[in-house]
Every structure is written in structure tokens, then in C-alpha cells.
Ligand SMILES: Nc1ncnc2c1ncn2[C@@H]1O[C@H](C[S@+](CC[C@H]([NH3+])C(=O)[O-])CC(=O)[O-])[C@@H](O)[C@H]1O
Ligand SMILES: O=C(O)C(=O)Cc1ccccc1
């Protein structure tokens with residue numbers, strides 16, 4: 001169902017900006033697992049954290065869901081009555097495959113929390129009251145000037161006791177820390193079979209479309225957006241995840 005990622009394996013005359021098209025969707029599970037240190041741990045524990053905070057009878061959002069890995073994890077863990085998950089992505093290729101994965105999960109496990117996927121730009125969504133919102137490696141693709149307003153709208157939609165789970169690739173204010181963690185990330189990618197050429201071409205493809213913030217910027221922006229408490233629950237190299245409470 002999904003292929004090995006060789007998208008950047010041969011020399012490209014010109015490396016275009018990274019887009020979430022059919023080619024990416026086809027290799028996405030392999031790409032993200034081999035590229036993001038800690039990704040399986042983060043996804044599995046999004047299910048655990050969501051199940052801990054989800055309120056019966058409420059809505060849960062998975063924003064920038066790609067193939068729905070976080071949604072599937074939450075469905076494995078949630079036991080609350082009457083919850084419903086809305087997974088959203090603006091990439092048609094991702095949404096189509098996500099729907100297929102979710103119906104495969106439906107047919108394998110009975111009595112799962114209902115989950116639907118819709119194609120939409122999360123910047124255009126009117127958020128309904130909800131108890132859990134997941135942004136798993138999505139905010140990094142939102143234009144920086146739009147990030148605070150999006151978090152404010154999420155904060156407004158969260159019910160008392162609700163949470164946002166925010167996972168991101170980080171950059172670091174200290175140049176030496178940045179350089180060291182970036183280099184171990186490349187070592188992680190080499191250990192997972194990516195060549196230096198693949199690493200270099202992917203780096204050029206994402207540099208203009210994935211604009212990274214420091215952990216401190218994330219935490220202070222969450223506070224500015226009205227969250228009462230925000231803290232990191234996981235970090236592996238330059239990737240990590242934060243929980244923010246309404
Ligand atoms: N404005 C937007 N509106 C909707 N979707 C968007 C927008 N911008 C980007 N996306 C979508 O955000 C996703 C980011 S991938 C998320 C992984 C997933 N969460 C996972 O748990 O596997 C992370 C990565 O590839 O590093 C892509 O599917 C985009 O189409
Ligand atoms: O591959 C990388 O270097 C990354 O930073 C992670 C990533 C994973 C999937 C799509 C874009 C970036």
C-alpha cells in the first residue's frame with residue numbers, strides 16, 4: 001500500500017519546494033518514520049494523552065492529519081462515550097488515502113470512535129467546541145505571521161479542561177546547539193538508509209516551506225494565545241512535542 005521513499009535519491013537539476021502531492025502521499029509512512037526521530041513514540045502517545053483528556057461527547061480535531069496516523073492512534077486508545085474525531089488536511093492526495101486507511105481501521109476493529117476526514121485549509125476552519133486538538137508536525141507549514149491567530153482560534157474553541165498537542169521540528173537559539181542537533185538528525189537519517197544526496201536535496205526542498213521556531217518561541221506564543229500552561233512532554237534531537245492546556 002505504501003512505497004519506500006526515493007523521492008530525492010537521484011540528482012535533480014533543480015530542487016523545487018516540497019509539496020504534499022500524490023508522490024509524497026504514496027511514500028509518506030516510510031518518509032516520516034525514517035526522517036522524524038521519535039515519530040512512532042509521539043504518535044502512539046498522542047493516543048495515550050488524548051485518551052487521558054478527552055471529554056465524553058465532545059469533538060477532537062487532528063489538524064494537518066496527512067494519512068491519519070494520530071487519528072488512528074487516538075482511536076486505538078479512546079474509550080470515552082460519544083466522542084468524534086475530525087481529521088483535516090488541505091492536500092487532496094493525503095485526504096483520499098487517509099479516508100482509505102480509516103475505513104480499513106473501521107473494518108478491522110469494532111466500536112471505534114467515529115472519525116471523518118475532510119479536505120480544508122485549517123486557516124479557514126470554524127472550530128466547534130472541542131476537548132482535544134492535535135497539530136502533529138503541521139504548524140511548521142503554516143506561514144509564521146498566521147500562527148498566533150490560528151492558536152488563538154484553537155484556544156477559543158477548547159472547552160474548559162481541553163488540551164492542544166503540538167509537535168514540531170525545532171530550531172535552537174544557540175548556534176552550537178542548533179548545529180549539533182541538526183547533525184545528529186542527519187546521522188539519524190543516514191542510519192535509516194538516506195544518502196548524503198537525499199539529505200541535501202530534501203533539505204533544499206523544505207527550507208522555504210518549513211519555517212521553524214525555537215521551543216521558547218512556541219511556549220511563549222501559546223501563552224500569548226491564551227493557554228494557561230504549556231510544557232514539553234517529549235524531545236528527540238531537534239523534534240519534540242508540547243501539551244498546552246486551555
Ligand atoms: N493550511 C493547511 N491546512 C490543512 N493542512 C495543512 C495545511 N498546511 C499543511 N497541511 C498539511 O499538514 C501535513 C503536515 S505532515 C503531518 C503529519 C501527520 N499529522 C501525522 O501525524 O502523520 C508533517 C510533515 O510532513 O512533516 C501535510 O499533510 C499537509 O498537507
Ligand atoms: O526530512 C526532514 O529533514 C524533516 O525535517 C522532516 C520531514 C518529514 C516529512 C516531510 C517534510 C519534512
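A few notes on this one:
- Scanning region 56-70 for residues that are in a loop (DSSP other than H, G, I, E, B) and over 10 Å from the mean Cα position of the chain (by Cα) yields 56, 57, 58, 67.
- Taken over region 207-217, the criterion of being touching a residue at least 60 places away in the same chain (Cβ under 8 Å) and touching a strand residue (DSSP E or B) at 6+ places or on another chain (Cβ under 9 Å) is satisfied by 210, 212, 213.
- When region 198-246 is limited to residues that are under 20 Å from residue 183 (Cα atoms) and assigned to a loop (DSSP other than H, G, I, E, B), the one that is farthest from the chain's Cα centre (by Cα) turns out to be 208.
- Residue within region 70-92 that is crowded, with 19+ Cβ neighbours inside 10 Å, in contact with a helix residue (DSSP H, G or I) (Cβ under 9 Å, 6 or more places away or on another chain) and within 23 Å of residue 208 (Cβ to Cβ) present: yes
- Any hit, region 150-162, residues being within 12 Å of ligand 2 (Cβ to nearest atom), closer than 18 Å to residue 240 by Cβ, surrounded by 15 or more Cβ atoms within 10 Å (Cβ to Cβ) and in contact (Cβ under 8 Å) with a residue 24 or more places away in the chain: no
- Pairs where the first residue, in region 119-141, is on the phi > 0 side of the Ramachandran plot and the second is within 16 Å of ligand 2 (Cβ to nearest atom) and at pLDDT 95 or above, C-beta under 6 Å, 6+ apart: 137/167
- The set of residues in region 1-54 that are modelled with pLDDT under 95 and within 13 Å of ligand 1 (Cβ to nearest atom) contains only 2.
- Being part of a helix (DSSP H, G or I) and surrounded by 14 or more Cβ atoms within 10 Å (Cβ to Cβ) holds for only one residue in 190, 147, 171, 176, and it is 147.
The values are calculated or read from the model by the stated rules, or taken from the named source; none is laboratory data. The structure presented is a predicted model; accordingly, all values stated were derived computationally and were not measured. Because the Cβ atoms are built from the backbone with ideal geometry, glycine has one as well, and the counts that use them run over all protein chains shown.
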